[in-house]
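*Asks:* Let me give you the structure first, and then I'll get to my questions.
The values are calculated or read from the model by the stated rules, or taken from the named source; none is laboratory data. In this text the structure is predicted, and so the values were computed from the model without any measurement. Every residue, glycine as well, gets a Cβ built from its backbone with ideal geometry; the counts of neighbours run over all protein chains shown.
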Amino acid sequence: MRKNRQTGLSLLELMAVLTIVAILMGVGFASFKGITTSYRISGEINGLLGDMQYARSEAIKQGQSVAICVSSSGTDCATGDTSWNQGWIVFVEPSAGTVSTGGNAALVLRKQAAFSGSDTLTDGLTSNVVFDREGLALGLLTTMSGNGGAVLPLHDAANNATRTRCLEVTNIGNVSVQQPATLSTCS
């Protein structure tokens, strides 16, 4: 006579497996959210970095001033607005050293739409950067200690210091992305 063995899981075994799966999914989801936030922040700051470098190279190439400014409309500079997360434009600036407003931008070379999330990119002072034909950044207020230029901090919605990135623009036209650990004025 054969003994019939029962196969399957008991309720206790099933609950243990479901608990382990739930813990692993919770840890994985939190880690995934952090990674996607980090990639979003990198993409946003690198977008502005690339457009600043493009503006500088176009100024040198064309032998005339090229400006980049905050613009929510995509056609003209937002007067006095320092919220770069609202979008920006890169354009040829016919009047060297100044920035056109009110739709007077001569030739718009690039447009960047506003950020889709609630990240903030502002220093409260810098609403535009003009690169002259030699690649120098004109008219930047001194918002960095000692070197002159500007530091534009990008913060996520939670203002997490480990995710903060800063775009540093020096008066000689160098543009780079920094972290609070490498640049003391990045906060």
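*Asks:* Here are 41, 45: which of them is touching a helix residue (DSSP H, G or I) at 6+ places or on another chain (Cβ under 6 Å) and either farther than 28 Å from residue 157 by Cα or of a type in the set (Val, Ile, Thr) (or both)?
*Replies:* Just one listed residue meets the conditions, 41.
*Asks:* Quick test for you: out of 180, 153, pick the one residue that is at pLDDT 90 or above, in contact with a Cys (Cβ under 6 Å, 6 or more places away or on another chain), surrounded by 13 or more Cβ atoms within 10 Å (Cβ to Cβ) and of a type outside the set (Lys, Arg).
*Replies:* Exactly one of 180, 153 is at pLDDT 90 or above, in contact with a Cys (Cβ under 6 Å, 6 or more places away or on another chain), surrounded by 13 or more Cβ atoms within 10 Å (Cβ to Cβ) and of a type outside the set (Lys, Arg), namely 153.
*Asks:* Here's another thing I want to ask about it. Please enumerate the residues belonging to segment 35-59 that are surrounded by fewer than 16 Cβ atoms within 10 Å (Cβ to Cβ) and more than 16 Å from the chain's Cα centre (by Cα).
*Replies:* Selection gives 57 alone.
*Asks:* Which of the following residues is free of Cβ contacts under 8 Å to residues at least 60 places away in the same chain, of a type in the set (A, V, I, L, M, F, W, C) and surrounded by 14 or more Cβ atoms within 10 Å (Cβ to Cβ): 70, 66?
*Replies:* Criteria check complete, one pass: 70.
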